[in-house]
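For reference, the structure is listed below as structure tokens.
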Amino acid sequence: MDRGPQHTARPSGSAPPGLTRVRTPRSAGEQVIKVLLAGAAVLSVLTTMGIVVTLITEASKFFGEIPFGDFFLGTDWAPLAGGDSQSFGVVPLLWSTLYLTLIALLVAIPLGLGVGIYLAEYASPRVRKVFKPIVELLAGIPTIVFGYFALTFFTPLLADVGIDLQVFNGLSGGIILGILVLPTIASVSEDAMSAVPQSLREGAFGLGAAKWQVVVRVVFPAALSGIVAALVLGASRAIGETVVILVASGNNPNLTFDLTVAHQNMAAFIANVARSDVSAGSVAYATIFAVGTTLFVMTFLLNLVAIRFVRKYRQVYE
């Protein structure tokens, strides 16, 4: 019995009968771009792995001589001292790092979010077009400029208003560090709030909400994941900042709340030891990798917590 024309299965990915694939310049260019992007991704992964392996390898040599308890629980930090005066308690350095970061965030978060809210919700398109590039340009100023600005201008300014402080102090370094972080928080948070659908604002206005209520109760919660990302980026940069603290805050970590004295964060310590004449095979030199590993773990945990928070509160709008 005639069953009519029979259709055979065509292998997946093959061209239909009578048609042949022709590689056009456009498709060839797309393949090249794919390969380049994949190479960039692999390179970034390999670079990160190399950094981690180097830190772990060198830090293990340090902890082979210095016990974990002495390093993480000790309150006397003098790795560059000679003889019996040498001590490796990282708590003062860890405290100064977190304390200066806190001061910076107390400056950067309210100002940065304020700038972001203004640009996203209140500024006219013409004003936004002018002011946002200026804010982003502030992020491109070299950090050495901020450091010497804090040392030669801001510290004398604080002294002129009656604050009794040392030439190298944590107060001016922390405040200028906050100004350094401010553009990052402002720009990323503004992008997050601008991405909130306009229909949400119109719905809130239709229910009789005032402008500030729309911003606080609608736009801000809707953009929360992006705002948290902005805060994490700002905190990560503040924790890892080197030059501002190295120039303006001194080289003496202090386990104290007093900001008028010198402070030093982890990144500044690494830079200070790396440029000194410490022998490469000594325990003092190995502290670079021990402190670097601690800083890496701190930043990693901060980003891990932030990612979990963002995934929990992310809202998808259709």
Could you name the aspartates and glutamates in cross-link range of K129, using Cα to Cα under 20 Å and dropping any fewer than eight places away on the same chain? E121, E190, D191
Determine which lysines satisfy two conditions relative to K132: a Cα distance under 23 Å, and not lying fewer than 8 residues away in the same chain. K211
Sorted on mean Cβ neighbours within 10 Å (highest first), peptides 227-235, 50-58 come out as 227-235, 50-58
Out of region 221-285, which chymotrypsin sites (Phe, Trp or Tyr not before Pro) are coil in DSSP terms and have no more than 13 other C-beta atoms within 10 Å? F257
Please list the non-local residues whose amide H lies under 5 Å from the amide H of A78, H modeled 1.01 Å from N, same-chain partners needing a gap of 5 or more. S87, F88, G89
Tilt of helix 125-139 relative to the longest C-alpha principal axis of the chain, in degrees (0 to 90, nearest 10)? 50
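For the chain, just say rounded, prolate or oblate: build the C-alpha gyration tensor, square-root its eigenvalues into a ≥ b ≥ c, call rounded for a/c under 1.5, and beyond that prolate if a/b exceeds b/c, oblate if not.
oblate
Which order do peptides 109-119, 39-49 fall in by mean Cβ count within 10 Å, highest first?
Order by mean packing, descending: 109-119, 39-49.
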Distance from the Cα centre of region 254-300 to that of region 116-149, in angstrom? 32
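Every number here is computed from the coordinates shown, using simple stated rules; none is lab data. Predicted, not measured: the structure shown is a model, and the values here were computed from it. Reconstructed Cβ throughout: ideal geometry from the backbone, glycine too, with neighbour counts over all protein chains shown.
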